[in-house]
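Below is one structure, written out as structure tokens; the observations come after it.
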Amino acid sequence: MKQSTISVHAGTKPSVKVEGINTPIYYSSSYEVDLGASLDLPYPRRCNTPNQIAVSAKIAKLENAKFAFVTGSGMAAISTSLISNLERGDHILIQKEIYGGTYNFIINELEKMGIEYSFFSCQDLTVINSLIKSNSKIIYCETPSNPLLRVVDLEEIVKIAHKFGLLSVIDNTFASPINQNPLDWGFDIVVHSGSKFLSGHSDILCGAIAMNSSSLQKKTLKHLSNWGPVLDAQACYLLERSLKTLALRVERQSQSALAIAEHLLKHPAVKKVNYPGLKYSEDYPIASKQMSGFGAVLSFEIDGDLEASKKFINRLEIIQSALSLGGVESLVSIPRMTSHSMLSAETREEAGIKDSLIRLSVGIEDLEDLIRDLNNALV
Ligand SMILES: *Cc1c(COP(=O)(O)O)cnc(C)c1O
């Protein structure tokens, strides 16, 4: 062999069986064809390469699902779960209190595909009865919601779905599979932005879809293969590595979030605390029925205006001001200026997003350090 051939082929042994206890990064987009074997050849867009299989199996187990797929972002998982199950002329019911990117996807993309939608509020599920149409196909929800941490009764949504023959889809990002497993309540599809708790280190963008039905599995795989929003080996590797500490991280983060919520509730400079784990929260009964921990995200209103919110954030030393959530580091944001900045003042008012509302994603730092940081900033 000449140098050019040697440089491509020598040493590379794609099928060596080394039994490391860790999945190595398997960077190959092309696989040798065994002419005698089945045609289900590994190819990343078909979600069947070693790192994709390993991490998907882990996520499926975490959600008590038979099947799972990993995607290039949370939005890829969300759009896949919807488009792969909708056709022109269909109608979908969507909770109003959802992630901003999902809201944008609904209002910007569905209409041109000929898909109708109606919004309902998690605060009144009875209105759903009047929104149902003969072409309704999906009911979609997200709980706890962003940034007010409102909780939707999973049992009720599934009841409605069964009554009207709808497919039930839920964004389980905020709870994570450690605190909530919607498939156990009868949901058909669970989606995640893996960029948050699943990966947990604020480094990669990814998503996940999990389900029990093999017909849904087939539809999802077909969609992923045709549209291509899959996850590459490196990101799969990092996600798999992160998932090994998911329970440790989320349990610690949820415990700290509860302690911080209870502390803030007693603080004279705080007007209101939104956290479903607080006994005074109107969502506590439902949250304690369906969640094993209440999550790492909370929000609170401080006494003052937008300037006061900015000053508060500037006084924090450990907790950083940044977008996103779910990582090992504690992060704060002012929803008025970030996730909900595009809304008009009226819509924000209606949604209960005040200028003085602060969202906090609690990390894994020492609880006393975090409380001291908050106290110092809450003057
Ligand atoms: C971040 C987020 C998404 C979108 O995920 P990306 O990974 O950014 O595409 C969807 N839903 C929720 C609840 C989120 O927090």
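The values are calculated or read from the model by the stated rules, or taken from the named source; none is laboratory data. It should be emphasised that the depicted structure is a prediction, and the values quoted were computed from it without experimental measurement. Neighbour counts run over all protein chains shown; Cβ positions are idealised from the backbone, glycine included.
Entry remark, the range 209-235: residues being within 16 Å of the ligand (Cβ to nearest atom), among the aliphatic types (A, V, I, L, M) and out of contact with any Pro (no Cβ under 9 Å at 6 or more places or on another chain) number 3 in total.
Tallying residues that are crowded, with 22+ Cβ neighbours inside 10 Å, assigned to a loop (DSSP other than H, G, I, E, B) and more than 11 Å from the ligand (Cβ to nearest atom) within the range 182-200 yields 2. Residues Leu357, Leu331, Leu325, Leu343: which one is in contact with a helix residue (DSSP H, G or I) (Cβ under 8 Å, 6 or more places away or on another chain), of a type in the set (A, V, I, L, M, F, W, C) and at pLDDT 95 or above? Just one listed residue meets the conditions, Leu357.
Check off (1) in contact (Cβ under 8 Å) with a residue 24 or more places away in the chain; (2) surrounded by fewer than 20 Cβ atoms within 10 Å (Cβ to Cβ); (3) more than 16 Å from the ligand (Cβ to nearest atom) for Ala65 and give me the number that stays unchecked. It is condition (2) that Ala65 fails. The residue of the range 159-175 that is farthest from Thr71 (Cα to Cα), among those that are part of a loop (DSSP other than H, G, I, E, B) and away from the ligand (no atom under 13 Å from the Cβ), is Gly165. Taken together, Leu323, Leu298, Leu360 contain a single residue that is among the hydrophobic types (A, V, I, L, M, F, W, C), within 20 Å of Ser145 (Cα to Cα) and either assigned to a loop (DSSP other than H, G, I, E, B) or free of Cβ contacts under 8 Å to residues at least 12 places away in the same chain (or both), which is Leu323. Looking at the range 71-117, which of the residues that are of a type in the set (Val, Ile, Thr) and away from the ligand (no atom under 16 Å from the Cβ) is nearest to Asn172 (Cα to Cα)? This residue is Ile92. The set of residues in the range 157-175 being touching a residue at least 40 places away in the same chain (Cβ under 8 Å) and closer than 16 Å to Asn146 by Cα consists of Asp171, Asn172, Thr173, Phe174, Ala175.
Being under 16 Å from Leu224 (Cα atoms) and not in a loop (DSSP other than H, G, I, E, B) is the filter here, so list the residues in the range 18-51 that pass it. Passing the criteria: Pro44, Arg45, Arg46. The single condition from (1) touching a residue at least 24 places away in the same chain (Cβ under 8 Å); (2) under 26 Å from Ala235 (Cβ atoms) that Gly89 fails is (2).
When Ile178 is tested against (1) within 13 Å of the ligand (Cβ to nearest atom); (2) outside any strand (DSSP E or B); (3) touching a residue at least 60 places away in the same chain (Cβ under 8 Å), only condition (1) is not met. It is to be established whether one or more residues within the range 149-158 are near the ligand (Cβ under 10 Å from one of its atoms), within 15 Å of the chain's Cα centre (by Cα) and of a type outside the set (Asp, Glu). No: the range 149-158 contains no residue that is near the ligand (Cβ under 10 Å from one of its atoms), within 15 Å of the chain's Cα centre (by Cα) and of a type outside the set (Asp, Glu).
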